[in-house]
Amino acid sequence: MKSYKGTPKNVKRQITGIICTSQHILLGTGKVLVAPNGIRFPFGYRGVIVGLEKQIARRVPSILLESHDISNFSDGDCVTLSPDGTVSIVWESRSPVNALFLTDACDQRCLMCPQPPGRHNDKTYDTATELLKLLKPQQVEAICITGGEPTTLGGKFIDIMTAIKRKFDHANVMILTNGKNFANFRFAEEFANIGLSNATLCVSLHSDIEELNDEIAGVKGSFHRTTQGLYNLARFRQRVEIRHVISKLNASRLEQFAHFLYRNFPFASHTAFMGMEMTGFAVTNYDRLWIDPYEYKYELARAVKFLHRTNLAVSVYNVPLCLLQQPMWAYARQSISGWKNCYLRICDECCVREKCCGFFSTSGDLLSIRIRPISHKM
Amino acid sequence: MQQRITLLANTATASFNKEVYSHEAVLAAAYHLTGKYGIEVGVEDKDFVAMLIPKGDYSPTEAAMREDLLSFCNDVLDEELRLKLQQKTANLLDVIVRHAFSPIDLRKELGN
Amino acid sequence: MMATSYTLLPFQFGCFQDDEYLIVNESGEFLFLPRKDVVQLIDGTLPPTSRFFDDLRSKQFIVTGDLAGTLDMVATRYRTRKRFLANFTTLHMMVLTLRCNQDCKYCQVSSESDDAYDFDMKPEVAEKAVEIAFISPSPVIKIEFQGGEPTLNWEALTRAVMKAEVINKRSKKTLEFVICTNLTNMTRSKLEFLRDHQVCISTSLDGPEFLHDNNRILRKGGGTHAAFIEKLQSAISICGQDRISALMTTTSDNVDHFKEVIDEYIRLGFPGVFFRALNPYGLAAKNAERLGYTMAHFAQRYEEALDYIIELNLKGTRFVEFFATILLSRILTPFSTGFVDLQSPSGAGISGVIYDYNGDVYPADEGRMLARMGDRRFFMGNIFTDRYDAIFGGPVLQEIVAKSCVEAMPGCAFCMFRTYCGSDPVRNYLETGDIVGRRPGNGFCEKNMAVLKILFRKLRENDDDVMDVFWSWVTRRSVQEVRNEVI
C-alpha cells in the first residue's frame with residue numbers, strides 16, 4: 001500500500017478512517033478530512049490530513065503532509081494515521097480490487113516471498129476489522145485477503161470472513177493462502193460453513209515434486225499439507241484456484257506441473273502462472289531464483305496450452321507481453337496492483353502497452369534484458 | 001549353455017536353467033501363448049522345459065514358430081521382472097485399494 | 001536435492017514397440033521408458049540423474065519423500081476413477097418385445113415367429129420394472145427400450161415413460177430415456193411422443209446403401225436403407241439432430257469400407273460413430289463364417305478410419321469416434337467413465353441391468369438369451385417375486401463382481417493396459433464356460449488391446465494436431481475452442 005511520511009500532531013495511537021475531501025454538513029462517523037489549506041475547527045472528524053500548518057483545535061489528531069503528497073487521496077479511500085506521522089492508504093476507493101492485510105505471520109518461508117513474514121501484530125488485524133466496519137457495501141467490489149498467511153489466525157480468520165459474509169457477500173473475495181491449515185478437516189468445515197457466495201481460495205503450489213516444493217516453500221511437509229488442504233476444500237465444494245510463481249528452480253517443469261495439476265486437482269477452477277516480484281526474499285535469494293521470463297516462454301506456452309486443452313481456466317500474471325509468445329497474450333492479465341504498477345520509458349513506443357501488465361515498481365531494475373516495445377499489432 | 005531352444009517338425013521346446021529362472025515366470029510367459037499353442041512345462045535335470053505345440057487353426061511356418069519361441073524366451077525375462085515388482089509393491093496395492101474405499105490410518109499401516 | 005533411494009509404487013508394464021516399454025500405474029498415469037531403464041527402475045538402481053526420475057516421482061511411480069502422503073494421493077485418484085461404482089445401477093434396459101419388422105443377419109436377439117406375441121412385455125411389467133429402477137441409489141436413471149423392435153410394443157413403452165415421469169416428480173433424479181430402434185417402422189405420432197418426453201433415439205446405420213442393405217434387411221425381404229433415410233429425416237425434423245445417434249456393426253461386408261461408412265454418417269448429420277465389432281454369439285454365431293473377420297483385420301481398418309476421421313476434424317468437420325473417446329478419457333483424464341461394456345468390476349449387473357418380458361432381471365442381454373436357451377446361470381431374480389436387495393445384492397451379482405475385477409484376473413492382472421480396461425464376464429462364460437475366462441485367444445481382449453495400442457501410438461507421437469482433436473472429443477468442444485482460436 002501507499003504510504004506517506006508527515007508530521008504528526010496529537011496522534012496518540014493509530015487511527016483508521018475514511019477520507020473525505022470536503023466538509024459536509026451531514027457527516028457520519030469515522031471520517032478523516034483532507035484539508036490542503038489547513039482547518040481550524042475540524043469537529044466530528046477522527047483525524048485530519050493538512051497541507052498547511054494552521055492552528056487546529058487541540059484534541060483532533062492531525063498529520064501535516066507535503067503538498068505533492070496531499071493530492072493523492074480520494075473520497076472513500078480508507079487511511080491509517082500513525083503516531084509516527086505515517087499516512088497509509090489501506091483501501092483505495094478507485095481501485096477495483098483491494099487487499100485486506102490480516103497478519104504478517106506466516107507458516108512458510110517461501111524463497112521468493114516479496115513480503116517477508118514477521119510476528120503477528122494485533123494492530124494489523126484490528127485495522128482490518130475497523131476497515132470492514134467503515135466501508136459501505138456499495139463501495140466494495142472485490143477484496144483480496146492476504147498477509148502473511150491469513151489462516152494462521154485460526155478462529156480470528158473465521159471471524160473476519162464471517163464479518164465479510166454478513167456485509168459484503170456480493171463481493172468477489174479472494175483469499176491468498178498456502179492452503180495448509182485447511183488440512184485440518186474441522187477448520188475447512190468451519191470455513192465452508194460460513195457460506196461465502198463468491199469466495200475463491202488462491203492456493204500457492206510451487207512444484208509437482210514434493211522435495212522441490214518444500215525447498216521453495218522453506219518448510220518440509222508443505223507439499224502434502226497443501227495437498228490435503230486442497231482435498232478438504234474440494235470435499236466442501238469450495239472454489240479453489242492454484243497459483244504457481246515461476247523461478248529458476250521450477251521453470252523447467254512448467255508443462256509437467258500443468259499435467260500434475262490437472263491429474264491431481266482437476267476441481268481447481270483456475271490456474272495462474274506468475275512472474276516474480278523481485279523484492280524482499282526474492283532479492284536475498286536472487287542467485288537461486290532469478291530467471292529471465294524470456295527464457296521460459298516456450299515451456300510456459302506448453303503448460304498454458306495443455307491446461308486450456310483440458311478446459312481448465314488459466315492465466316498468466318506479472319509477465320509483460322514482450323516476454324511471452326504471442327498466443328499467450330490472450331491469457332495475460334492486468335495483474336499488478338495499481339499502486340506498484342509501472343512501465344518503462346521504452347514502453348511508450350509499444351503498441352500493446354494498454355493490454356500489458358507492465359512491471360512491479362518494487363522490482364526496481366531487476367528486470368528482463370529482453371524488454372522491447374512491440375511495433376506491429378499482430 | 002543356460003538355455004536351449006529347439007524346433008522339431010511341429011514342436012518347439014525351450015529349456016530354462018532352474019538357477020537362473022523361476023518356475024512362476026516360465027508358467028506366466030507360457031500362459032500368454034495358450035491361445036495359439038498347447039503347452040506343457042516340465043522339469044529335466046537342472047532345467048524347466050516348456051514344450052509348445054500349435055493348436056486349433058494355428059499352423060505356423062517354421063519362421064513364425066521360431067519367432068514365437070524367441071518371444072516366449074524374452075517374455076520369461078519380463079515375467080521375472082514382474083515377479084520382482086510384485087514382491088516389492090503388492091502390499092502397497094492392497095493398502096491403496098483399501099484406503100480408497102474405506103480410509104485407513106496410512107501412517108499406522110505403513111509403520112507395521 | 002539428492003535422493004539416493006526410492007520406494008516403488010505399484011504399476012504395470014509391457015513391451016510397447018521395439019525396445020520401448022509402456023508403464024502404467026494405479027493413478028492412471030503412463031510413461032514410455034526404454035527397457036533398460038525399466039529394469040533399473042524395478043531393481044531399485046535408477047539414478048536420480050536419470051532423465052525420467054522427476055517424472056516418475058511426479059506421476060507417482062516412485063516415492064522419495066513422504067510415502068503415506070503419496071499413497072493418499074494415489075488412493076484418491078483410484079477412488080475417483082472408480083466413481084461409477086458409487087452410483088450403482090444407472091442403466092435399466094427393457095426388452096419390450098422380441099418381434100421385429102427386420103431380420104438382420106447378425107442379430108443376436110433370436111426373433112421369434114408366431115408365438116412371438118407371448119414374449120411382449122405387458123405394460124404392467126414395464127411399470128413395475130420402472131419402479132424397481134428408481135430404487136437404485138444412482139442420481140441418474142437411464143431407461144433404455146430395446147427389443148426386437150421396441151416401437152412394436154408401443155403401449156408398454158408409453159406407459160413406462162409416463163410411470164417414470166410420475167415417480168421422478170418425487171425422486172427428482174436426472175431421468176433419461178433412450179429407444180434403440182431401426183426407425184424403419186416409425187410414425188409421425190410416435191416421433192412426437194418421443195420428442196415430447198425427450199426420449200433419445202439410438203439407431204443403426206451400417207453405411208451407405210450398398211453396405212447397409214447387405215445385412216440389415218426386412219423380415220419380408222428387401223433392403224431398409226431407403227426407408228431408413230426417409231424416417232431419419234422425419235425424426236430429425238421432429239425430434240432434432242441432437243437427440244439422434246447411430247451405431248454401426250462391423251461385418252466382413254463393411255470392414256474394408258469404413259471410409260464410406262464415415263462419409264455416410266457425416267452426410268446424414270451424425271456427430272460421430274461407434275465402430276462396433278461383431279459379437280460372436282446369438283444369430284451372428286450361425287453366420288459367423290460369412291460375417292466374421294479377424295480382430296487383427298478389424299484393428300488395421302479401425303486405425304485407418306481413425307486417421308481419416310482425425311484428418312476430417314482438422315479440416316473443419318467435427319466428427320467423433322465414440323469408442324476412442326471413452327478410452328482417451330480414461331487415459332488422459334482423472335475422471336471415471338461410465339461405459340458399461342468395459343468396466344472393472346464389470347458393468348454388467350452393477351451399472352446396467354436388463355429386464356425381460358416377464359420381469360426376470362439379468363446383468364446383460366446375453367444373460368437373458370442364455371436363459372432363453374435353457375441356461376439360467378445369470379438369472380438375478382424377478383421383480384414380482386424377489387425383493388430389490390435379493391436381486392441386486394444376490395449371489396449372481398456378487399459372483400460377477402468377485403470374478404470380474406481385472407486387477408485379479410489371469411491375463412489382465414499384469415497387463416500394461418489394465419488400468420484403462422475392463423471385463424465382460426457374460427461373454428467369457430459363453431466362450432469358455434467360466435466367467436473369469438482366459439485372455440489368450442480372447443477376441444474381446446484382442447480387440448481392446450489393439451485399439452489401445454493404436455491410441456497409445458498416437459499419444460507416443462504426441463503430434464499437436466492429433467492431440468488437439470483428441471482433447472476436443474474428450475472435452476466436447478470444437479478444435480478451434482481447444483486451440484483458443486475462437487473469435
Can you give the helix-only mean residue ellipticity at 222 nm for chain C, where every DSSP H stretch with n ≥ 4 adds -39500 (n - 2.57) and the sum goes over all residues, rounded to the nearest 500 deg cm²/dmol? -12500 deg cm²/dmol
Of all DSSP beta bridges located in the protein assembly as shown, what percent are antiparallel, nearest 5? 45
For peptide C:323-333, what's the mean number of Cβ atoms from other chains within 10 Å of each residue's Cβ? 1
Looking at chain C, do any whole DSSP H helices span at least 18 angstrom along their long axis by alpha carbon and average 0.5 or above on Kyte-Doolittle, and which? C:123-135, C:225-239
Cleavage-rule hits (trypsin sites (Lys or Arg not before Pro)) in segment C:1-81: DSSP loop, at most 14 neighbouring Cβ within 10 angstrom: C:Arg51
For A:199-210, mean number of other protein chain Cβ atoms within 10 Å: 2
Cα axis of helix A:185-194 to longest principal axis of chain A: angle in degrees, 0 to 90, nearest 10? 50
Cα-centre dipole for segment C:87-389 with unit charges at Cβ (Lys and Arg positive, Asp and Glu negative), debye to 20: 700
For the protein assembly as shown, the charge dipole (Cβ of Lys, Arg +1; Cβ of Asp, Glu -1; about the Cα centre) points to a positive end, and the Cα of A:Ala272, A:Leu64, C:Phe456 closest to that extreme belongs to A:Leu64
Checked against a 27 Å limit on the C-alpha separation, the offending pairs among A:Lys305/C:Lys59; C:Lys82/C:Lys315; C:Lys105/C:Lys458; C:Lys220/C:Lys447; C:Lys36/C:Lys59; A:Lys12/A:Lys180 are C:Lys82/C:Lys315; C:Lys105/C:Lys458; C:Lys220/C:Lys447; A:Lys12/A:Lys180
Put +1 on the Cβ of each Lys and Arg and -1 on the Cβ of each Asp and Glu in the protein assembly as shown; which of A:Gly147, C:His257, B:Gly111 then has its Cα farthest toward the positive end of the dipole? A:Gly147
If contacts are Cα pairs under 8 angstrom and at least 6 residues apart, what is the relative contact order of segment C:142-248 in percent? 28
Inter-site label distance for A:Ser3 and A:Thr284 at 7 Å from Cα along Cβ, in nm: 1.8
Could you give the size of the charge dipole of the protein assembly as shown about its Cα centre, using +1 on the Cβ of each K and R and -1 on the Cβ of each D and E, expressed in debye and rounded to the nearest 20? 4260
Helix A:254-264: angle to the longest alpha-carbon principal axis of chain A, degrees 0 to 90, nearest 10? 90
Please state, rounded to one decimal and in Å, the Kirkwood hydrodynamic radius that chain C gives when every pair of distinct Cα atoms enters the mean of 1/r. 24.1
All-pairs Cα distance distribution in segment A:92-153, expressed in whole percent, bin size 5 Å: 4, 18, 25, 22, 15, 11, 4, 1
Over all pairs of distinct alpha carbons, what does the Kirkwood formula give as the hydrodynamic radius of the protein assembly as shown, in Å? 32.8
Shielding of B:96-106 by partner chains, average beta-carbon count, 10 Å: 6
Among C:Cys445, C:Asn87, C:Cys104, whose Cα projects farthest towards the positive end of the dipole of chain C, with charges put on the beta-carbon of Lys, Arg (+1) and Asp, Glu (-1)? C:Asn87
Nearest-0.05 FRET efficiency for C:Ala413 and B:Leu8 at R0 = 35 Å, using Cβ-Cβ distance, is 0.55
Quick one: which residues, 5 or more positions from C:Asp103 or on another chain, have an amide H under 5 Å from its amide H? H modelled 1.01 Å from N in the peptide plane, none for Pro or chain starts. C:Ile217, C:Leu218, C:Arg219
Name the residue, out of A:Met276, A:Met174, A:Met328, whose mean-square fluctuation peaks in a Gaussian network model built on chain A with Cα pairs under 10 Å. A:Met328
With the cut-off at 1.5 for a/c, could you classify segment C:7-81 from its C-alpha gyration tensor as rounded, prolate or oblate? oblate
The relative contact order of segment C:7-81, taking Cα pairs under 8 Å that sit 6 or more residues apart, comes to a percentage of 32
For A:Glu53 and A:Lys355, what is the calculated FRET efficiency with R₀ set at 45 Å and r taken between the beta-carbons, to the nearest 0.05? 0.50
Which whole-number percent gives the relative contact order of chain B, counting Cα pairs below 8 Å spaced six or more residues apart? 25
Placing each pseudo-label 7 Å from Cα in the direction of the beta carbon, B:Leu110 and A:Tyr343 end up separated by a distance in nanometres of 5.2
To the nearest 10 degrees, the tilt of helix A:297-309 (Cα long axis) against the first principal axis of the alpha carbons of chain A is 90
Just to verify a number: FRET efficiency for A:Gln326 and C:Arg477, C-beta to C-beta distance, R0 = 30 Å, to 0.05? 0.85
Show that you can apply the helix-only estimate: for chain A, add -39,500 (n - 2.57) for every DSSP H stretch of four or more residues, divide by all residues, and state [θ] at 222 nm to the nearest 500. -7000 deg cm²/dmol
For chain B, what is the calculated [θ] at 222 nm in deg cm²/dmol (nearest 500), taking -39500 (n - 2.57) for each run of four or more DSSP H residues and dividing by its residue count? -17000 deg cm²/dmol
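Each value in this text was obtained by applying a stated rule to the coordinates, not by laboratory testing. On a predicted model such as this, the values are computed, not experimentally measured, just so you know. Every residue, glycine as well, gets a Cβ built from its backbone with ideal geometry; the counts of neighbours run over all protein chains shown.
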